Structures are given as structure tokens and as C-alpha cells.
4 protein chains.
Amino acid sequence: MSVHSSLGRALSLHLWGESHGAGVGVIVEGMPPGTPVDADRIQAALDRRRPGTSDLVTPRAERDAATILSGVHDGRATGAPIHACIWNADVDSSAYADRHRIPRPGHADYPASVHYRGFNDVRGGGAFSGRLTAAYVMAGAIARPLLDACGIRVGAHLVQVGPERAEGEATMEAILSCAKRPGLACAEPGARGRMERCIRDAAAEGDSVGAVIECRMDGIMAGVGEPHFGRVDALLAYAMMGIPGTKGVSFGAGFDAAAQRGSAHNDPYAWDDGRVVCGSNNAGGILGGITTGMPLVFHVAVKPTPSIACEQKTVDLVSKTAATLRMEGRHDPCIGVRAVPVVEHLAAFVLADILRGEGRV
Amino acid sequence: MSVHSSLGRALSLHLWGESHGAGVGVIVEGMPPGTPVDADRIQAALDRRRPGTSDLVTPRAERDAATILSGVHDGRATGAPIHACIWNADVDSSAYADRHRIPRPGHADYPASVHYRGFNDVRGGGAFSGRLTAAYVMAGAIARPLLDACGIRVGAHLVQVGPERAEGEATMEAILSCAKRPGLACAEPGARGRMERCIRDAAAEGDSVGAVIECRMDGIMAGVGEPHFGRVDALLAYAMMGIPGTKGVSFGAGFDAAAQRGSAHNDPYAWDDGRVVCGSNNAGGILGGITTGMPLVFHVAVKPTPSIACEQKTVDLVSKTAATLRMEGRHDPCIGVRAVPVVEHLAAFVLADILRGEGRV
Amino acid sequence: MSVHSSLGRALSLHLWGESHGAGVGVIVEGMPPGTPVDADRIQAALDRRRPGTSDLVTPRAERDAATILSGVHDGRATGAPIHACIWNADVDSSAYADRHRIPRPGHADYPASVHYRGFNDVRGGGAFSGRLTAAYVMAGAIARPLLDACGIRVGAHLVQVGPERAEGEATMEAILSCAKRPGLACAEPGARGRMERCIRDAAAEGDSVGAVIECRMDGIMAGVGEPHFGRVDALLAYAMMGIPGTKGVSFGAGFDAAAQRGSAHNDPYAWDDGRVVCGSNNAGGILGGITTGMPLVFHVAVKPTPSIACEQKTVDLVSKTAATLRMEGRHDPCIGVRAVPVVEHLAAFVLADILRGEGRV
Amino acid sequence: MSVHSSLGRALSLHLWGESHGAGVGVIVEGMPPGTPVDADRIQAALDRRRPGTSDLVTPRAERDAATILSGVHDGRATGAPIHACIWNADVDSSAYADRHRIPRPGHADYPASVHYRGFNDVRGGGAFSGRLTAAYVMAGAIARPLLDACGIRVGAHLVQVGPERAEGEATMEAILSCAKRPGLACAEPGARGRMERCIRDAAAEGDSVGAVIECRMDGIMAGVGEPHFGRVDALLAYAMMGIPGTKGVSFGAGFDAAAQRGSAHNDPYAWDDGRVVCGSNNAGGILGGITTGMPLVFHVAVKPTPSIACEQKTVDLVSKTAATLRMEGRHDPCIGVRAVPVVEHLAAFVLADILRGEGRV
């Protein structure tokens, strides 16, 4: 089974591309005919994950201009597959010549070489490159008008970078506005400064740091989703785990739920202006895989960038000896920073798919 | 889209059943013809999640005898769908009459009522009942001979109950042997005692506690899986989120990876007797969604049992007023305890599906 | 890939069972909660394919009483998977002992033995048995209320048995009423007599005959379906080819379209009481895979029953010598006769799935 | 559900494109890493369906140069999705302005307008254009090395054009060699002349004719496929029905099987040099959906080109009055002619998918 590049059922995406090939693209199928497809909005979404925008991310210059190749006529979805892509600029692939021989720790080089029997394109990470996440962002940007039409908002920001954490619950307004500011997307200003310092410190030492991203979706009606393998949380977790570097996903109280008692964890119901609400949101807006009508809140753990300048121990797969590796080049010191818009857009895509499958959009 | 009861591609399962209906069953498709199907082994797996076996779980007596209805002839898979089920004993459904009216906090009653427009069967939790996890266990027990044939072992145990944690890395031997002992499945004897006390304390107060389950798979060859949405970790996370009560899934260092630096997180490669190994396993045996050949290790956060004897605040959906609820009956004080074999068998099923899809079993 | 027992997307079915095992069943997922599930209607549908009802079909007595095991409460779909089955009576399987050794011509014995490496259950045809079509009928009977709600009617009848053909276009009323009469379902009374004689003649000689079934669906709105692999005709053809014995499927003018000129084949549009209609229906109600609003009409070619009393040449796979075979027992002289309700119900299921996927039911 | 542009499971394809948009492309996923991807072979396949090559097809000049955008490195599949496309030349779309208003008989204009609520791109037929079949051909050409490696050959040719039929069984050699000659692909030279005349006569009168294509696959091992919805014939029929203009598909004796007796239809088994063979091939190489080891033979009925120069009756959807239409332009007088390589390549793709799913390639 090799359908590794497809996601979604009623609304689906299919990826293609490599870091050092012709480009990276995504085909989105299932958009209702007539839905506006706004090239500026797709571009604005892409720009949020673009490198080179501050000293917190890699200084590589990538223009990443979205091109629409099919499925749109007069600014609206025709109902046919929508194909969006970014072309790659000319790149220097010489540095990747020996990835099959000297695998980088923390990267997929070694397992991918085994899986693909040495035929995978290792230049720039090939199909494993974080560059593929541009496709996730474009797909999400294409799908978002479906959420807008229901009054659903989706936002993401950093709640942890290295050991630095944001405390307290961020409002949707704070999350959405921090995405528009330059610098790190964190809704708590105090934490933001500490996070930025943490990244700069690691970068200065040729090292990297991990992060936790919080995603919040509000305005979702109660009753969306199904049990077992149609759970909203299961579908989101599956998609999030597809973002390179993700090591965990949790909903609501998440792993902290383990230490809670039921009397503290259960969210009590109450009436609010004729609407059923919960007095707390340990569930993260999901019970039995179905939305409760409370904001959907989840967290994604992102590991530190595996590409670091420090010397690392590895192996030479040809000579069958030990080897060391020092990775030159311009890398993101914290991949979590640029993963924020990826989490947000991929989550938006997944939710739009679920809503479309239920005939709600 | 309503394919909420199916999982898997090359090897797939389809669920049916409710808590208070005729029974609960699972159809497994894709087993190689000739694979032994051992009724005793399936029954032994089921017995591990059976209630009434100690004072740590609900005293309800459920016999849960597995019946094979199709796909097996002379003790071997024929290649046709294998249908295994357990029949329900006569049950008293009177207590569930008002679930559509007075939803239980922490349960799916309210969102399910909205989703199914009041037509869902609420008796005993209906299709949301933890009883459905017996189907996951049977499916996993059917699939396990495929893993055995590759020398892959799968074990799960509790590493946290309430605030009590097991420290240190458990060996596979310790994990497998703790499953065979009576009482709580935890590979660290000291923690086990503390966990049992924690559960008894909560139960005595009519309350419940959460848990974290660790699952470990060893003997997996490097190179299994694919990037994006064919990732081994994504497929496992998706399945685990389908277990009622799961609030999070993480791999290797998991959420702790956020606080790590790349130089500490990256697992260095080395040679061990002609085989590539890692000096640590922060990756949890997975890089880029593909196995590294190291043990696959992941954690599942399970919330406290929502059914508690303490009084809880809720709403009356008919009179549109506030209400309180006190749940009588015999409930598990920690659903994490009986979820251990569920995690283990569902993980085994998912891995068998992936291996079968790659033509390895 | 072994998902051979599942059909459908928004509304899906999963089969299980064998001819000489515990029974035959079907799980239907995706029925809107609240839809009436009428056991009598399911039984009435099953009774139409039941053997032993006339001298035109096998005299075997099979009660085939439908049992609902899940997904229905108080006579309505709950939204959970609906599981319907028929149990097998005690059967004598001794006659099947050497199917792996002496394959029957025209049956799947030989290719199935190779595919399943000799592990398939050959008793009564195992999973290849026509008895599995009872599951198709139950699934269709469960789905039909969705079509009723849209005013869509589905009927099937025989238009050819051996060389005997019905001429002229049958009305839906004639098709539906012939299903209720005893004897052969053919809307043209004259042809019906000739067809019955043809079957009796073949039976008297220990031989069998083939047939062509016409299926007609009316009341379908224009605009249902999508191009390429979402075509209504492609989805119907795929399902029909899953009925044992089917050798071809065609829509509208079908194979006769090859001999037509475009000027004769193209159906001219006209207005009829404010509605767009076609002056002819060579398209069979489908253009580009999408419904035109005209009746959907297709034909299914069914081969002669492979089980015949005449002596046939075959091979002995053990001794590797030539062999002859004479099949005793009570077989249908024309499997097309009992396939009529199967075609009708499976077509109804497929259409209900498509409509549900488009959010129309 | 809108996954209308995807086909296949272990080996899958995803289409994009329109007649008058940027181009037409296909993503192929699941090719074993290391498989040669030969651009010349893909181009040669495309050239067989290219227009402008004789007076039997439309004189439109389309260069149709295949471009590979991803998934190939150093001439071999990397394991990542392979993306192949052809770009569209500048086209004049003015003639299509009123397709939403005055639908062409025999085309999908009217049902598509209803389905897509008027938003579909009607220029050149949009996503319904026969131009999309170039994507099928590229996908098949990419997959064919998998069949070559098993010694499987696939060929297609015309066996009927209008009323002119080829008689007798064509050998694989004759079929393959007729594809290489200029003019119509028909393995029987006498019929070929009659077919060409038939097309020229229709074209001279501004009319068109239908056709029947025969596809033959030999070298397939016995035992490929599964019953019900994994049948090789069902999967092929589904794919063939996705080719625009197809009105029917049949296997082996096909619709003629209806008039046969079982004693004539059943193919007797015999030994041939230690191999089980059939004395006839009424089954078309398939029993119970599984290959018998005999050549797989099927027929596809293709309707006459709907675009004809004769005046046709239609409707004006805006004024709600009757209308007439005369289609200018350069159309194929028989779409069956250029459909031959489409049938052949799409069949090759489907078979490669099935074999890959069974772990045979």
C-alpha cells in the first residue's frame, strides 16, 4: 500500500514534489463548485511559513509563489480537482551526494534508504523535506472559505519553545493577532520574548530546540464526528502526525488527564443563553470523538530541528565503520516556528473534510 | 462519510455491535490464507480485558466468549473475511432511559445525541461503549501470528496512574511478564503497588483516575512505513485515538522533545554486530514515519473514567434547566487498567496491516 | 490488498460468510439515523431470491430468515453499523471433498485454489457461493427507504433467457408488477412463456442457460455523479460485475451503440412541462457519468449455470491426469432467474450510496 | 464524496486538468523504487492517441509532450509520487461560451451544468474532455514495466466500427503489430479496410460512428484477484467505464453467454505441458473474478462521437425554448479509434495495481 500522499475523504488532497525537483504541489478534490478561490489568500498563507523572514528562521530565500494549474475558473472552484503548486528555484544539490552513505541522525535518511532500497531522492530531503508542508498550507488555504462560511475560526501559536512555556489560556483573538505580527507566533507576549531568546541561544551554539504548538478552533457546532475511526480527534491526530518532526498530539487536558481524577476532569454542562456549554474544557471540545460545541483545542509536540552544526556520531553504510558528521548550511534553529501555519492550515483542511463529509459545507 | 467503523488497508477490520444489543463483533479481511487462527489465543487475549478479575476493575461479570462465524476452516484462515464476535448476556437497560435527556459529563451522550439526532442507542453507551474494544482485541489477536512469524513482539503496560509514575525504561521481558500476573500490568513492581493504591483510594471516594499506557514493539526491521500519511506513527496514532477515553498519543521522547535540544534529541547511529543501531531512542523507533530498527515505543494518555459516583452538574435537555447527576452502578475506577490489552492488540493489528501492505507478511 | 468484501463510500457494506459455514451476513454503515428499518421488507426482498419457489429454480429448501444484530433500535437506524445476517441450516458438505483436486469447469474452484493456496473453504462454493448474494439483497433492502424518500423506483426483470428475448421497452409498472407474480420475472408476457420453456428444456437435458437482466431506475434527478471514476455508470458496472456469473454490463444502447451513427445515437433535448427531457434514451440516462434525468437503464449478462449434469472434461490436480466430472445435485438451471432481485437490490444500494455521498439523502 | 479523479489502491493515480486550462496531468503513487521510468516510452504511448496523424482522426495539432515533474531520479522511480503532465497550447475558447445555455446532445454539458451548478469550466469540455485520457495513457505507460517484468503483454485493437466487424480470434502478435502500423488499429486486415471506409463515409456526411475495442492480456498467472469487489473483471470494468464514451464492458463470451448453454459455455480443463489450460476461453480468462491463466479478453463498447456537423435538436436553458445546434470544428469521426491506446494503457494500469496489491510486482 503506497497511498502515503493522500489525505481526506469528502475533501481530499494528493501531494507531489521534492525539495530539489521541479516543485511541490497539491491537488485538492471535492471543493463545492462556486467556492471562491483567492490566490492572494493562498499566497498570504504561504508567506507565513516562508523562510528568510526573521533571524528566528533559516535565512534561505525561497519565493514560494503559488500557481493554480486547474480547477479554478473566474476565481471560483469549478468542481474539478484544484491543483496548486510552487516551483523550485535552481538549487545546489551537491551537498547531498552522500546521504545514502552517511545518514544524518534525527533525519529520515537511514530508514528511507532502507525502505526505498537506495532509490529515494535524497537531495534536500527529497519527498521528506519540510518543503512539502507548503502543500499542506496551500490545501488548507483553499479549504478555509468552507469554514468561514460556518463561522468557524482556526488559529495556532507556540505554547512552548525549549523549556519556555506560555501560561494561561489564550483567547482566539490573541492567537489570531499574534500570527499577523512579525516574529514568533505566541499569544502571550512575555513568553514570546523568552522563546525568542531560547531560539537565538540555541542557534548561537549551532544547536536547535523543540516546541509545542497549540491549535484552537472555535465556532464548531456540537455533534460533528463519529466514534471509533471517524473521530474528529483521531482524524486530526493522524494528519498532525504527518507533519515532519511531530512526536505527539493531545487534546484538551491531554497527558495531564492521566493525573486527574474524574471529578476534576469531567466538564460539567450548563446553560448559556439557551445553548449547552461546559464549565471547563478538559475534553478539548471532543467527547467520544464528537464535538461538544466548545472550542476544539489540541497540542502538537515538535522535536528540535535535526540539522545542527554540532558534530554528531553516525555510521558509514558503505565502509561499515563509525563516522562523524557536522552539518553545514542554513537551517531553522526551531522547526516549530514555521510549523505553526502548517498545523493551522492542515487542521483547517481536516475539519473542512469532516464537515463536507457530513454535508454541512 | 460514515465509514467510522473500518480500519486498515491491506489488512482491515470492520466493527459492529452495541453494549446492550445482540453482541459485538469484528470482521477481519486480508489475512493470508493458511494462517493459523487459534481460538484459545483469541480467548486468552479477551480474558485480559474482561471485567470482574480483581478489585481494580468493575465487578460486572461478562463471560465474553469469542465465537468465530466465518473465514476459518480446520483452524486456519481461508482467505475469506474472518468474523469473530462475542454475544451479549441479558442486560438491564432501564437505567439508560434518560441519557438523551440528562447527558452524563465526560461521556459522549450529549454530542452523540446531537450527531445522531436522538436516534442513537444509549443503552450501556451503545456503539460508544468500551465494550466495543473487545472487537479491537479480537482483531489484534487474529493478526498477531503475522507478527510472530517476523519475530516481532508487542507489549503494553501502565507507566502512570493518577500522579504515580513508573520510572526507568522497562524491558520487553518485564512488560510481557507483568501482563501474565494478576493485578495491574506495570513492569516496575514498586510503581505497581503505588498505582494500585491510587486506584483503590479513588474508588473508595466514588471517584476515578487517569493513566498513561506505554506500548513497546521490538523486532521490527528498519524501513517500514512511508512519509506523510503512510507514516507508521500516524497510523498508530489514528488507531489509538479510536480507543474511548484516549486524550493523547506520543512517540519516543514525545512532548518532552519540546524541551530538548537537537544535540540531545538526535539519536546517534552506531554499529552493533553488523547492524545499525541508535545509541538512544528519543525517536521511539521512527524517523520520517519509517522504522529505524530500534524498538517502537509510544505512549497513550487515558482520561479518568467519566462514570463516577460523585454528584455532577449537568443539564436537562428537555426542560432546559440545570440538573445534577449521580451515577450508580459498578464502574471501572480507572479505564486505563483494562485499556492495556486494547492498546497492545490494536497496535499489533495496525503494524500487521502495514507489514502486509508492504508485502512483508 | 484484500478489501474484496466492501462496497460503497458514504453508504458502505461489508460482507462475511460462506455457503457451509455459520451463515452469511452484511454490515451496512452510513444509514442516516432515524431511517426506518423494516424487517418485513428485508424478508420480502430475500424471499424473491429464495430457492424452492418454482420448478424454474433449484428445489433446495433454504429458509433464509433475516436477523438484525445491530444498528437498529425501535425499528429505526441508530447511525451505528447495521448488521443483518441469515444463518445456515445444517448442510451436507461431503460432496465437496475433492474440489481442490478435481476443479469444476465454469466454477472458481481452480483459480481460487491457486489464489488461496488450497486453504479456501470449498464446501458449497465457500465465499464464492451465490448464497453471498443474499447479503447484497439485504443491503439493498436496508438502503431502499432512502430512494423511496426521493421518489426513485428501481426494478429489474429478464429480457433474455437463452436465445429468447423480450422485445420493446418495458414500463416501470410492468417491471415492478412482474416481480410480484409467481414464475419468471419478465415484463413481456409472451417472452415470459418462451423463456420458461427454454429453461425447462435445458433442465430436462441436465443443462443450463444464460440470461440478460435489465435494470431500470426512474425518478432520478439530473446532475447525479461525477466524471472519471465517480461516474454513476462506472460505480454500477463495478458492483454488477461483483455478482457471480456476470459477464458484461452495458448502459442504454450499450454494445448496439457501436453500430449507430452519432446522429441516431445522440438523444435530442426537449422541454416537457418545464422540464428538460430527451426524445430518446440511447444514453441510458447517463452522459459523462452524470444522470440526465431520464430513466437509468442498464443490462447485465449472466452466464449459464456452470453446475450441469452433463459429463464435463476437467483435470485431476493431484495425479496430473485428465478427468471427467458429472455434477449431481439440485442446481438452478438458469442462475439469471434468481439474480434478478440481486441486480435490483445491489443497484439500489449503489445509487443510495452515490446520493448519500452527494448529501441528497 | 468527490474522489472522482483517483483510481487504484496499491498503485494509484490521481488526475488533474482541463482541456483549455494549463494542462492535464496524473500523479502515480506506489511504483516500486528503482523501476525504470522511460520518458521515450511514455511519449511513444501518448503519440498513439495524438490527433492529427491521419484522416481518420481530428486534424487538430496537439503536440502532447510528456513532462515528468516528480518522483523520478536518474531515470528510475524514487518511490515518491510520479507526476507526469502535458501542457496545453494556447487555445481559442470563444466557441464554448454558451455551453451552459445550449447543451450539446450526447455530451455531458447539461448534466454537468446541473451537477456543478453552472460553475464547471465548459471550455473544450473542461474536465470531461477526452484530453484527460492522455493522463490515463501516461499512467499506464509508467506502470507497464511492472507487467513486462512478469512477462505479461497487453494489446488492444478495434473489432467493430459502425456495422463492420472483425471476425475470428486475433493473436496477440497481430494485435501488437497493428498498433505499430499507420491507420486504424485492427488486427484483421480485411475488416480494417471496411472500418476505414465506414469512418470516412460518416465523416463525409458530417456524422460519426461507434466502435467496439477488444483488449487482450496474456502471460497472466492463474490465481490473481478475489471474489466480490476485488474481482479482476470488476476492477477492469470500473476503469473502462471511466473512459468517456464507453457504454458497455464484457468479458469472454460477454453478452453472447446469455444465449449459450452451460455445456457449451463452460471451458473444459486440460493439461498442456504440465500446465492447466482451458480448451476454450468463453470465460475470458476469469472465473469468480480470479484469473484462470488463460488470456484475459474483454470488449469495450464506445459510442459514436457526439460532436457532429448535422443539425441537432436541443434546448435553450435560459429562454426555456427549443433550440437547434450545428457543431462546427474538427472532431474525430470515431472516438473509438483514438480510444484504443487508452483502453490498453488503462487496463495495464489496473492489472499492475492488482498485481502490486498481491505483492507480485
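Assorted remarks:
- Among D:175-184, A:215-224, the order from most to least packed when residues are scored by Cβ within 10 Å on average: A:215-224, D:175-184
- Of all lysines in the structure, the ones whose alpha carbon falls short of 18 Å from that of B:LYS303, not counting any fewer than 8 places away in one chain, are B:LYS247.
- At 7 Å out from Cα toward Cβ: A:ASP272 inter-copy label distances (nm, ascending): 5.1, 5.6, 7.6
- Mean accessible surface per residue for the range C:234-321, computed with a 1.4 Å probe while every protein chain stays in place, in Å²: 28
- Local electrostatic count at B:THR171 - Lys and Arg +1, Asp and Glu -1, tallied over other residues with Cβ under 10 Å: -2
- For the protein assembly as shown, the Kirkwood hydrodynamic radius comes to 32.7 Å, computed from all pairs of different C-alpha atoms.
- Per-residue average of Cβ from other chains inside 10 Å of A:288-298: 4
- Hz values of 3J(HN,Hα) by residue in the range B:7-23 - Karplus curve (6.51, -1.76, 1.60), Gly and Pro given as x: 9, x, 10, 7, 10, 10, 10, 9, 9, 8, x, 9, 4, 10, x, 5, x
- Peptides C:106-117, C:344-355 ranked from most to least packed, by the mean per-residue count of other Cβ atoms within 10 Å: C:344-355, C:106-117.
- For the range D:5-357, the pair-distance distribution built from all alpha carbon pairs, in bins 20 Å wide starting at 0, is 29, 57, 14, 0 percent.
- Take the accessible area of C alone and of D alone, subtract that of the pair with a 1.4 Å probe, and the total buried over both chains is about 8400 Å².
- Across peptide D:24-32, the mean count of Cβ atoms from other chains lying within 10 Å of each residue's own Cβ comes to 5.
- Counting only protein heavy atoms and a probe of 1.4 Å, the accessible surface of the range D:5-357 is 50% carbon and sulfur.
- Sum of -39500 (n - 2.57) over DSSP H runs of 4+, divided by residues of the protein assembly as shown (222 nm, nearest 500): -8000 deg cm²/dmol
- Descending semi-axes in Å of the range C:176-299, equivalent ellipsoid built from Cα gyration tensor: 31, 18, 15
- Close amide H contacts of C:TYR116 (hydrogens built in the peptide plane, cut-off under 5 Å, sequence separation of 5 or more or a different chain): none are found.
- Comparing mean-square fluctuations of C:GLY118, C:GLY252, C:GLY155 from a GNM of chain C with C-alpha springs under 10 Å, the top value falls on C:GLY118.
- Distribution of pairwise C-alpha distances over the range B:27-71, 5 Å bins, in %: 5, 18, 22, 20, 14, 9, 7, 4, 0
- Within chain C, the whole DSSP H helices whose Cα atoms reach 30 Å or more along their own axis and whose mean Kyte-Doolittle score is at least -0.5 are C:335-357.
- Ranked by the mean number of other Cβ atoms within 10 Å of their residues, highest first, the peptides D:8-15, B:123-130, B:160-167 come out as D:8-15, B:123-130, B:160-167.
- Global size of the range A:267-361 as Cα Rg and Dmax, reported in angstrom: 22.4, 72
- For the axis carrying chain C to chain B: nearest C-beta residue of C, whole Å: C:HIS14, 2
- Principal axis box of the range A:10-85, alpha-carbon based, largest edge first, Å: 41, 24, 20
- Under 12 Å from the Cα of C:LYS313 - aspartates and glutamates, other chains or at least 8 residues apart: D:ASP267
- At 7 Å out from Cα toward Cβ: A:ALA65 inter-copy label distances (nm, ascending): 2.2, 7.4, 7.4
- Label separation (D:SER177 vs A:ALA174): 8.1 nm, computed from points 7 Å beyond Cα along the C-beta direction.
- Label geometry 7 Å along the beta-carbon vector: D:ARG117 inter-copy distances in nm: 2.1, 4.9, 5.3
- Put a dot 7 Å past the Cα of C:TRP271, heading toward its Cβ, do the same for D:SER93, and the two dots end up 3.0 nm apart.
- Accessible surface for the range D:72-170, divided over its residues, is 34 Å² per residue with a 1.4 Å probe.
- Residue mean of other protein chain beta carbons inside 10 Å, B:315-326: 2
The values are calculated or read from the model by the stated rules, or taken from the named source; none is laboratory data. The structure displayed is predicted, hence computed values, not measured ones. Ideal geometry is used to build each Cβ from the backbone, glycine not excepted, and the neighbour counts take in all protein chains shown. Accessible surface areas use protein heavy atoms only, side chains included; no ligands, DNA or RNA. Shrake-Rupley method; radii C 1.70, N 1.55, O 1.52, S 1.80 Å.
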